[in-house]
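**Student:** Structure provided below as structure tokens; questions to follow.
The values are calculated or read from the model by the stated rules, or taken from the named source; none is laboratory data. Because the structure is a prediction, the values reported are computed rather than measured. Cβ placement follows ideal geometry from the backbone for every residue including glycine, while neighbour counts extend to all protein chains displayed. Ligands, DNA and RNA are stripped out before the accessible areas are found, and what is left, the full protein with its side chains, is counted by its heavy atoms. Shrake-Rupley method; radii C 1.70, N 1.55, O 1.52, S 1.80 Å.
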Amino acid sequence: MEPELASLPAGWTERLVVVRNENTRGATAFCLEANDLVIAKLMAGREKDLEFARVALAAELVAMPVLRARLADVEADPRLRERAAGLLDLLAAGGAR
């Protein structure tokens with residue numbers, strides 16, 4: 001993923017998760033932290049991304065307070081951020097199924 005293609009919260013590079021083990025055959029992967037990934041998906045706003053976010057919340061891989069704080073740190077068109085905030089509200093209310 002190229003940074004200019006995704007809408008990510010400020011500081012996302014400092015939260016990257018480094019993965020390197022037998023399964024990566026020695027290659028190093030830099031993965032988005034789960035809350036940052038969900039924010040990027042909500043900013044994209046596709047139905048499959050909303051389902052991903054719902055499952056991540058249900059599995060407690062992400063936390064609503066963190067998601068709300070991170071969304072506030074996204075530099076993007078305000079309309080897109082408002083749409084993502086609406087999706088978070090929907091998720092918080094138990095929607096998106």
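**Student:** Place the peptides 12-24, 41-53 in order of packing, highest mean first, counting for every residue the other Cβ atoms within 10 Å and averaging per peptide. Kindly include the intermediate steps, with their values, before the conclusion.
**Tutor:** Details: 12-24: 11.0, 41-53: 16.8.
With the highest mean Cβ count within 10 Å placed first, the list reads 41-53, 12-24.
**Student:** Another question, then. Tell me what the chain gives for mean residue ellipticity at 222 nm when only DSSP H runs of n ≥ 4 count, each as -39,500 (n - 2.57), the sum divided by the residue total, rounded to 500 deg cm²/dmol. Display every interim value, and only then the final one.
**Tutor:** Working: 4 runs with 47 residues, N = 97.
Result for the chain, helices only: -15000 deg cm²/dmol.
**Student:** Turning to a different aspect of this structure: Could you tell me what percent of the accessible area of the chain is made up of carbon and sulfur, with a 1.4 Å probe and every protein chain present?
**Tutor:** Carbon and sulfur together cover 53 percent of it.
**Student:** Here's another thing I want to ask about it. Say R0 is 25 Å: what FRET efficiency, to the nearest 0.05, do Ala59 and Arg79 get from their beta-carbon distance?
**Tutor:** Once the sixth-power term is evaluated, E becomes 0.25.
**Student:** So what's the gap between the Cα centers of the range 66-85 and the range 15-52, to the nearest angstrom?
**Tutor:** Value for the Cα centre distance between the two parts: 18 Å.
**Student:** In the chain, which helices (entire DSSP H runs) extend 18 Å or more along their own long axis, judged by Cα positions, while averaging at least -0.5 on the Kyte-Doolittle scale?
**Tutor:** Long hydrophobic helices here: 78-92.
**Student:** Hey, could you grab the Kirkwood Rh for the chain? Inverse mean 1/r over distinct alpha carbon pairs, Å, one decimal.
**Tutor:** By the Kirkwood definition, the hydrodynamic radius is 13.9 Å.
**Student:** Could you do me a favour and compute the accessible area per residue for the chain, 1.4 Å probe, result in Å²?
**Tutor:** 64
**Student:** On to the next question. Using amide H atoms built in the peptide plane, which far-off residues or other-chain residues are under 5 Å from Val74 H to H?
**Tutor:** Placed amide hydrogens put Ala10 under 5 Å from Val74.
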